[in-house]
Every structure is written in structure tokens, then in C-alpha cells.
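Single-structure report; data block below.
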Amino acid sequence: MTEESGIFVRELERRDGAVLEIRQLSSGDVGCVVWDAAIVLSKFLERRECADPGLFTGRSVVELGSGTGIVGIMAASLGANVTVTDLEDLQDLMKTNIENNSALLTGSCQAKVLKWGEDVLDFSPSPDYILIADCIYYEESLKPLLKTLRDLASSKTCILCCYEERTTGKNPEVERKFFELLKLDFEYEEVPIDKHDEEYRSEDIHILQIYRKK
Ligand SMILES: C[S@@+](CC[C@H](N)C(=O)[O-])C[C@H]1O[C@@H](n2cnc3c(N)ncnc32)[C@H](O)[C@@H]1O
């Protein structure tokens, strides 16, 4: 990681040796840094693409709560057409990171505001993939987040949700509530850890593959 006046760059090397350079800010909300779940999901996408070349080429992807944008940028570097989304405050950071990594993108990547629970008229319905990393962390957001998933996803949309299991404070209760709400409209299965990237994996970081119930 390199540092320059409040900016920390997180480097993530791809299997082909190319390096994603993601700016993080030393001050700001939780979205200003890259979380471990984002690394695990990014490298999982790459492993999937490696096993099935072209899997993401030309596919439509929406990432929710993107923060720095790293997961969506990885997907766009694998050929997907991606919209990374977050609150207004994160737009400049996402745009800078897209711009700084543009030479690696074989698909496209754009940043947009999407506050969970608000209307999604500005988004094409039924993307091929919805990506979510480390977004299950406070109770008030759960119903709006699930509403956004219902509004965007069709039964064909593959939702990949990566989260870090945390045992402190309200985290276990927030996770329990998330699954309670998720089951109402979605089916899900956990991706076994031996299918995660061989290096970037951890027993407490889970990847769920979620589909809307038919
Ligand atoms: C823990 S950070 C994870 C960021 C990034 N996905 C990662 O894993 O590095 C959670 C992200 O969710 C976003 N977020 C929180 N509440 C939100 C809401 N109501 N609508 C949209 N985004 C929200 C935050 O701004 C933040 O970027």
C-alpha cells in the first residue's frame, strides 16, 4: 500500500500480472476504504472467469454499496459492462478509481448514485449480475437493501453477496435479520470456500449466490 497526503492506494494484482490501483481515503465514511470482503469477491470473480473464459464478457453488472468501486472495476476488467453505485459522497472516489484503471478495462464502468430503497428507474432492469461486498452491517439498511434487490433483479439475475461474519456488538443480530428477510423473496446457497480464490479466502468471509424466487 502506498500513501500520499491522506490517500492510500490499495493494489490488487490480477492473475495476468496487471495491477488494479484503488485509491482509499484516510478520512471519511466506511466506503472510503477497501474491505476484505471486496478483495475476496473480486478475486472470486477472476477465478470464475479463469475457469470459464468469457463468462463476464458483455454481461450487465450493477454493484451496490461499491465504496471505492474495486469489485465493479475488477468485473469491468473481465469484460463486463458495470455500473458501480453508492451514496453521493462516494461518487468522486469511484470515478477517480474508474479513470485510474481505465487502461485495464475491457468492458465499461460508470458510477451512479443509488441509495438503497430509492427508485431504480435510472437503471436497466434485470442485470445479469448484482454484486455486493460488505453491505450487511446496520439494521436500518436491511429492508431498503432488500427492496433494491427486488426492484433490480429478475429470476435470471445472479446476485453475488460477499460478507464478513462478525461476532461483536449487533453484527450477529443484523446478519440473522438479513437472512430472515432474504428468505422471503430469494433463494440462496453459499459458495464453498474451496471455490473461492486459492489465496484470497478466509473462513469468516462468505460468498452467497442468490436468486429471486420464481
Ligand atoms: C462497509 S462499506 C463496503 C464498501 C465496499 N463494497 C467494500 O467492500 O470495500 C459499505 C458501503 O455501503 C454503502 N452504503 C451504506 N448504506 C447505504 C445506503 N443506504 N444506500 C447505498 N449505499 C449505502 C456505504 O456508503 C459504503 O460504501
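The values are calculated or read from the model by the stated rules, or taken from the named source; none is laboratory data. Treat the numbers as computed from the prediction; the structure is a model and nothing was measured. Note: ideal-geometry Cβ built from the backbone for every residue, glycine included; neighbour counts use all protein chains shown. The accessibility values were calculated without ligands, DNA or RNA, using every heavy atom of the protein model including side chains. Shrake-Rupley method; radii C 1.70, N 1.55, O 1.52, S 1.80 Å.
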Work through the residues other than residue 126 whose Cβ is under 14 Å from its Cβ and net out their charges, Lys, Arg +1 and Asp, Glu -1. +3
Going residue by residue through the range 198-214, the Karplus relation 6.51 cos²θ - 1.76 cosθ + 1.60 with θ = phi - 60° gives ³J(HN,Hα) values, rounded to whole Hz and with x marking Gly or Pro, of 4, 9, 8, 8, 7, 4, 9, 10, 10, 10, 9, 9, 10, 10, 5, 5, 6
Could you name the lysines in cross-link range of residue 115, using Cα to Cα under 16 Å and dropping any fewer than eight places away on the same chain? 143, 147
Between residue 155 and residue 19, 0.36 nm times their residue separation minus their Cα-Cα distance comes to what? 45.5 nm
Applying 1/(1 + (r/R0)^6) with R0 = 22 Å to the Cβ-Cβ distance of residue 51 and residue 199, what FRET efficiency is obtained, to the nearest 0.05? 0.90
Leaving ligands, DNA and RNA out of it, report the carbon-plus-sulfur percent of the accessible area of the range 30-212 at a 1.4 Å probe. 48 percent
Modelled FRET efficiency - R0 22 Å, residue 147 with residue 88, Cβ distances, 0.05 increments: 0.70
If you add up the charges near residue 79, with Lys and Arg at +1 and Asp and Glu at -1, over every other residue whose beta carbon is less than 14 angstrom from its beta carbon, what do you get? -2
Highest average packing first - 100-108, 144-152, Cβ atoms within 10 Å: 144-152, 100-108
Within the chain, the percent of DSSP beta bridges that are antiparallel, given to the nearest 5, stands at 50 percent
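Label the chain by shape, choosing from rounded, prolate and oblate, from the square roots a ≥ b ≥ c of the eigenvalues of the Cα gyration tensor; if a/c is under 1.5 it is rounded, and otherwise prolate applies when a/b is larger than b/c, oblate when it is not. Provide the component values of the computation, followed by the final result.
Details: a/c = 1.30, a/b = 1.21, b/c = 1.08.
Because its axes are fairly even, with a/c under 1.5, the chain counts as rounded.
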If you count only protein heavy atoms with a 1.4 Å probe, what accessible area per residue comes out for the range 30-212, rounded to a whole Å²? 45 Å²
How long is the gain from residue 102 to residue 209 if the chain were fully straight, where each residue apart is worth 0.36 nm and the alpha carbon distance is subtracted? 35.7 nm
Reduced to Cα centres, the span from the range 1-54 to the range 141-213 in Å works out to 20 Å
What lysines could a cross-link reach from residue 195, if we take a straight Cα to Cα line under 23 Å and drop same-chain neighbours fewer than 8 places away? 43, 156
Give the relative contact order (percent, whole number) for the chain; include only Cα pairs under 8 Å separated by 6+ residues. 18 percent
Loop sites in the range 64-136: GluC sites (Glu not before Pro), DSSP, at most 13 other Cβ within 10 Å: 118
